[in-house]
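Each remark here refers to the structure printed beneath this line.
The values are calculated or read from the model by the stated rules, or taken from the named source; none is laboratory data. Fair warning: this is a prediction, and the values are worked out from it, not measured in the lab. Because the Cβ atoms are built from the backbone with ideal geometry, glycine has one as well, and the counts that use them run over all protein chains shown.
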């Protein structure tokens, strides 16, 4: 009887430890999803080039994540990328002339949408569209421009 | 010349036959699994203890050192790019997706698989299985299935423990020893690691658990009932499990990446 008891206690401890480890992995190593909101509203923005923006990328204002990209599609008529994103409803006083740009966190980090406040008295509403957008800055283009510039300087 | 060809042919046929017999055996074990799980859970618990709880020490010690090595190697390489902060991501991906499941499965084969195979093999060698059959007790649900299920249940838990301890090992080396910032270490992990990555590790651990346990049980059950035969079955368990685990690992990674 004593033997069964110790086996049962050992098994119980083992399973508890294993489940605890699984719990640790799921909660402590993920959870980078720092955006969760009960109520959200949806916005759209059109970009000439989105770089390597992906769905679930953060939407940030003043560096604070206030929303998340939900879908990215290509408009075959205007030939632009249409990015749909949601914003936490508690931030419902964002001026509707705010501009959205695709920024990169760090020099090689992932890309996100940065909103910069405008000065209008009317605010973003559900289903609205951001009027002013700035495309992703592509490192290749920057390098290309830099090379062209430095080349033309030499000729002067 | 013809004898060589004939030998080759016979060996191939024998290989295919063994493979087919293994599949039929697996089906038999799987068919009896639900009834054992519902009706004789006590037997399964005992095997979870034998294969899981008793493997904890080796799993935890190895996990700690594997994590520590990842920390050292990762640091010396990432420091060249001034990216020491990413060491957590490097270690977390490595541990959760690859090293955790694979090394745990290999250790499991060495620690628990051999024990299962030799135990069942010895039961066979000492005619205990035949005795059961004579008493109209089917040895498959009584002996084989609980051991198989014990391994299947224990494996994902062992993998989770391995990955967690491994991460602590990396933390120990990177943060305490090499003074990487502790906030950056965990924050980078949390930003980068997704639920999908953990799912990949869990799927792998379940597949490896089924494979390792089934191979161990099969080898034991089919051991030649002599001292030498049991020894050979034990060796084959480790060899075949190692091959199966690494092949499955490649296939799952190729599908999920």
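A quick yes/no check of all residues on (1) in a loop (DSSP other than H, G, I, E, B); (2) over 16 Å from the mean Cα position of the chain (by Cα); (3) not assigned by TED's automatic domain parsing to the domain that holds residue A:49:
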residue: A:72; (1), (2), (3): no, no, no
residue: A:85; (1), (2), (3): no, no, no
residue: A:91; (1), (2), (3): yes, yes, no
residue: A:113; (1), (2), (3): no, no, no
residue: A:146; (1), (2), (3): no, yes, yes
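Somewhere in the stretch B:9-30, is a residue assigned to a loop (DSSP other than H, G, I, E, B), over 22 Å from the mean Cα position of the chain (by Cα) and farther than 30 Å from residue A:11 by Cβ?
No, the stretch B:9-30 has no match at all.
Working carefully through the options B:198, B:215, B:189, find the one that is surrounded by 24 or more Cβ atoms within 10 Å (Cβ to Cβ) and within 10 Å of chain A (Cβ to nearest Cβ).
Exactly one of B:198, B:215, B:189 is surrounded by 24 or more Cβ atoms within 10 Å (Cβ to Cβ) and within 10 Å of chain A (Cβ to nearest Cβ), namely B:189.
Could you list, in sequence order, all residues of the stretch A:11-62 that are at the interface with chain B (Cβ under 8 Å from one of its Cβ atoms) and crowded, with 18+ Cβ neighbours inside 10 Å?
A:11, A:14, A:15, A:17, A:18, A:21, A:22, A:25, A:29, A:30, listed by residue number.
Does residue B:224 satisfy being more than 14 Å from every other protein chain (Cβ to nearest Cβ) and outside any helix (DSSP H, G or I)?
yes
A quick yes/no check of all residues on (1) surrounded by 14 or more Cβ atoms within 10 Å (Cβ to Cβ); (2) within 29 Å of residue B:82 (Cβ to Cβ):
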site	(1), (2)
A:83	yes, no
A:93	no, no
A:100	yes, no
A:114	yes, yes
A:136	yes, yes
A:143	no, yes
A:147	no, yes
A:152	no, no
